[in-house]
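Notes follow once the structure below has been shown.
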Amino acid sequence: MKLFLSVVCGIALAVSGAVGQGVRSSSQPGPAERPVNMLVLGDSVLWGEGLKTEHKAWYHVKLWIEKATGRPVVEKIEAHSGAVVEARAADEMLTATDGEVDVALPSVLNQVDRALQHYGDGAKVDLVLVTGCVNDIGAPNLLDADSSAEIVQLTEAKCGRPMERLLQKITTSFPSADVIVTGYYLFFSEKTRNDFVLRALARKFQKSHPAAAKLTRKEAFERLISNSEVWHQSSNKKLAEVVEKANAEIHNQGGHTRVMFTNINFAPEYSFGTKETRLWGFDRSPFRTMLLFLSLGKILLPTNDEVRRQRSASCRVAFKRQQNESSEQKKERQNRLLLCRYAALGHPNKKGAVLYSDAIINLLKTTPGSFSSSH
């Protein structure tokens, strides 16, 4: 999520002062004889930023369904880092071939269209996992919000009607699919460490969010904790309401409940920079920490995710130097490149991904008939 990375950078500043094709054959085998088609839509959370494929939440869900049903699962992954629900005129037109690179497009609505083109017949899809709306709010808005009311208003605007339109499109495009909307997690909490590493990061990103420099270290830290808590609560509440409304519309058309929301059990101890964190952070090896200290923060710690080298290479491709680049464009590109390299910060790590997969699987277990042998 571009949102979380920018928020991490902001607090640091303030501290300082698979593509498969499950097509039915012409003999039209029964459900138990064909693969389960699973579609993953949304942003970096369900993409699995910083994770190897075998550690992503959707992959754990895939394995569970295969074991529970005895049927293979064919996944189609459209989710990617930075995705917005609805494309806006202000969004850059940049796209990337690697889902690790945080770009707005394709939007989640675009992802639905791409999936439909892939399947040909949307009725072939059995399960849709989707998350969205955090990137539509944008990091500066969350970072600079000075009241709970402002956060709630932003959540209402970006996680309300846009998500309603998205779910309507998903349910009509994939009429046979169960749809699971996943919530977001607690970014920062009172358990987050306000330490030298964050102060070092501050110096690196000082020019990114100059407005944050007006806050004292304590004020900025408390604001980020408060904003995170309000966002966590308000986004879960709004997404649950959107799901309820989607089911009501399906019922009005004679259908049955097939859209579900899962609130992730994310304790304060799991937030960013805690001893029990379930989020990617920095590689705090003694050697790297010593270099950070000796350089007075000029040398940043790398992230501790699993695919940082791959992502860095993809970032260099996505944000390569353009011909006739102005000094301002160069500055912006270099900033985006740096943010891209650190994009895994604050995303669910291996244990965090298990929290997501467990929540989805538990929901499937308690849903009558879902992905049993007769599904």
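The values are calculated or read from the model by the stated rules, or taken from the named source; none is laboratory data. Fair warning: this is a prediction, and the values are worked out from it, not measured in the lab. Neighbour counts run over all protein chains shown; Cβ positions are idealised from the backbone, glycine included. Areas reflect the complete protein model, heavy atoms only, side chains present, ligands, DNA and RNA absent. Shrake-Rupley method; radii C 1.70, N 1.55, O 1.52, S 1.80 Å.
Solvent exposure of Leu109, expressed as accessible area, is near 30 Å², computed with a probe of 1.4 Å over the protein chains only. Subtracting the Cα-Cα distance of Gln334 and Glu244 from 0.36 nm times their residue separation leaves 28.1 nm of extension gain.
Based on alpha-carbon atoms, the Kirkwood radius and the radius of gyration of the range 53-138 give Rg/Rh equal to 1.01.
Overall, the accessible surface of the range 237-280 at a probe of 1.4 angstrom is composed of carbon and sulfur to the extent of 47 percent.
Cys340 contributes an accessible area of around 0 Å² to the protein surface, as traced by a 1.4 Å probe with all chains present.
Cβ-Cβ distance of His251 and Asn324, R₀ of 45 Å, FRET efficiency by 1/(1 + (r/R0)^6): the value works out to about 0.20.
May I ask you to list the residues of the range 89-133 whose amide nitrogen lies under 15 Å from a point 7 Å from Cα along the Cα→beta-carbon direction of Ala313? What the label zone holds, given the 15 Å backbone N cut-off, is 97-101. The loop-placed trypsin sites (Lys or Arg not before Pro) in the range 48-124, going by DSSP, that have at most 14 neighbouring Cβ atoms within 10 Å of their Cβ come out as Lys52, Arg88. Cross-link pairs exceeding 32 Å in C-alpha to C-alpha distance, out of Lys191/Lys238; Lys62/Lys218; Lys52/Lys320; Lys76/Lys365; Lys52/Lys218, comprise Lys62/Lys218; Lys52/Lys218. Can you send over the carbon and sulfur percentage of the accessible area for the range 307-375, probe radius 1.4 Å, protein chains only? Summing carbon and sulfur atoms, their accessible area is 48 percent of the total for the range 307-375.
For the range 69-157, the set of GluC sites (Glu not before Pro) satisfying both a DSSP loop assignment and a count of at most 13 other C-beta atoms within 10 Å is given as Glu92.
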